[in-house]
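The values are calculated or read from the model by the stated rules, or taken from the named source; none is laboratory data. Given the structure is predicted, the values throughout are model-derived calculations rather than measurements. Reconstructed Cβ throughout: ideal geometry from the backbone, glycine too, with neighbour counts over all protein chains shown.
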Amino acid sequence: MTKHPVIIAGLILSLFAVSGVGMVALVHDQTKEIIATNEREALLKLLTALVPAESIDNDIVNAVTVARDADRLGKEEVDVYLGLKEGKPVAAVFTPVVPDGYSGPIKLLVAVRIDGSLGGIRVVAHKETPGLGDKVEEQKSDWIYGFTDKSLTNPGLAGWKVKRDGGEFDQFTGATVTPRSIVKAVKNTLLYYRDHGNSLFQSATGGPT
């Protein structure tokens, strides 16, 4: 007779455990969907800041391919978002990594128009020094906007350096490593696009561009 209360208590605890796991799973599924939606909206906002919504008519967030070139893009594989208008290429937005930032890797978005000019770039993640290297953020300075409309011919390959190294791009007072690394990474992204841009769009357009 003394075993029954123990068994009943064990059953109750088991029921609580099962229901608790079920609740956790339900909350996880619901929050996962909300998080995914929020992440998509945040990404779309960044992409349309570089590739204006009126310039394309496709869902750029889902028109994604992969570029492979660790030397030029900073990692083995990076996502590339493709903007199209009436099925024709408009721009490719790369997600390269700057491996040699002052305080660690820096993640970028680099929009390259079909003609090889830059629609703009944004820093999406970094660990650079506050008050110095963090001026790469658009909230901290307008330095990042200086890349818009640049290309491999404007200012020319030799100009793709900071001014301290004889190039065309400003550095920050007390912080040269960060801008130097970003300028190099953007130049390398443009070089990748020059050599492989057409092939990136082939999967999205169904043939050569």
task: Assess whether Ala17 counts as being part of a helix (DSSP H, G or I), at pLDDT below 80 and surrounded by 10 or more Cβ atoms within 10 Å (Cβ to Cβ).
output: yes
- request: Output yes when any residue across the range 125-139 is part of a helix (DSSP H, G or I) and surrounded by fewer than 18 Cβ atoms within 10 Å (Cβ to Cβ), and no when none is.
  value: no
message: Among the residues that make up the range 130-143, is at least one of them farther than 24 Å from Thr48 by Cα and in contact with a strand residue (DSSP E or B) (Cβ under 8 Å, 6 or more places away or on another chain)?
response: yes
- prompt: How many residues does the range 95-123 contain that are at pLDDT 95 or above, of a type in the set (A, V, I, L, M, F, W, C) and touching an Asp or Glu at 6+ places or on another chain (Cβ under 8 Å)?
  reply: 1
- request: Check the range 171-192 and report whether any residue there is free of Cβ contacts under 8 Å to residues at least 12 places away in the same chain, surrounded by 13 or more Cβ atoms within 10 Å (Cβ to Cβ) and outside any helix (DSSP H, G or I).
  value: yes
- prompt: Which one of these is under 22 Å from Ser55 (Cβ atoms) and among the charged types (D, E, K, R): Arg164, Arg113?
  reply: Arg113
task: Out of the residues in the range 85-96 that are without any contact (Cβ under 8 Å) to a residue 60 or more places away in the chain and crowded, with 18+ Cβ neighbours inside 10 Å, state the one that is farthest from Thr129 (Cα to Cα).
output: Val90
field: Test for Gly87: is it closer than 21 Å to Val186 by Cα and in the same structural domain as Ser151 (by TED's automatic domain parsing)
entry: no
- request: Would you check if there is a residue in the range 69-82 being of a type in the set (Phe, Trp, Tyr) and crowded, with 22+ Cβ neighbours inside 10 Å?
  value: yes
task: Could you grab me the full set of residues in the range 116-129 that are in contact (Cβ under 8 Å) with a residue 60 or more places away in the chain and closer than 21 Å to Ala53 by Cβ?
output: Leu118, Gly119, Gly120, Ile121, Arg122, Val124
task: Please indicate, with yes or no, whether at least one residue in the range 152-162 is among the aromatic types (Phe, Trp, Tyr), part of a loop (DSSP other than H, G, I, E, B) and in the same structural domain as Asp69 (by TED's automatic domain parsing).
output: yes
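Looking at the range 98-124, which of its residues are not aliphatic (A, V, I, L, M) and not in a loop (DSSP other than H, G, I, E, B)?
Across the range 98-124, the qualifying residues are Lys107, Arg113, Gly119, Gly120, Arg122.
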